[in-house]
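Remarks on the structure that follows.
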């Protein structure tokens, strides 16, 4: 098992327009219990194509529920308003309110409607 810094939740996304990665950083709120910590949005940072080459490719099974994440931001590459969309393949990506978006991970066409269901979902945490 690979250790994570429990004070931060880092989420790796990929721009749906230019296919470049970005990192969304969340910081654990003070006095937040480790077993169900709440993380506040800190910022989003662009990465380049070679980010994957420099990353640790060992399997990572550490998940976090979106109910533990407060706040969020858009895409630093294309300026899309939403940076925390997720495909069935697990890829996190950006969207700007379009009804139809192509996942930059698996190329599946995803359809969004105007009614958010508000359901929480688990996403993989990156090591930072």
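Going by how many other beta carbons lie within 10 Å of each one, how would you line up 25, 49, fewest first?
Ranking 25, 49 by Cβ neighbours within 10 Å, fewest first, gives 49, 25.
Largest first and in whole Å, what are the equivalent-ellipsoid semi-axes of segment 1-53 based on the Cα gyration tensor, each being the root of 5 times an eigenvalue? Numbers along the way, then the final one.
Details: eigenvalues 131, 34, 12 Å².
Ellipsoid half-lengths, sorted descending, are 26, 13, 8 Å.
log10 I(q)/I(0), Debye, Cα-only the chain, no solvent, q = 0.12, 0.16 Å⁻¹?
So the normalised log intensities work out to -0.44, -0.80.
Just need the relative contact order of the chain here, percent rounded to a whole number, with Cα pairs under 8 Å and 6+ apart.
28
If you restrict to DSSP beta bridges whose two residues both lie in the chain, what percentage is antiparallel, to the nearest 5?
85
Using the count of nearby Cβ atoms within 10 Å as a rough guide to exposure, how do 84, 110 rank from fewest to most?
Ordered from fewest to most neighbouring Cβ atoms within 10 Å, 84, 110 come out as 110, 84.
For the pair residue 99 and residue 7, how long in nm is the line joining their label points, each one 7 Å along Cα→Cβ?
A separation of 4.7 nm, rounded to one decimal place.
Taken together, the values in this text are just the output of simple stated rules run on the coordinates, not laboratory data. Because the structure is a prediction, the values reported are computed rather than measured. Using ideal geometry, Cβ is built from the backbone for each residue, glycine included, and neighbour counts are taken over all protein chains shown.
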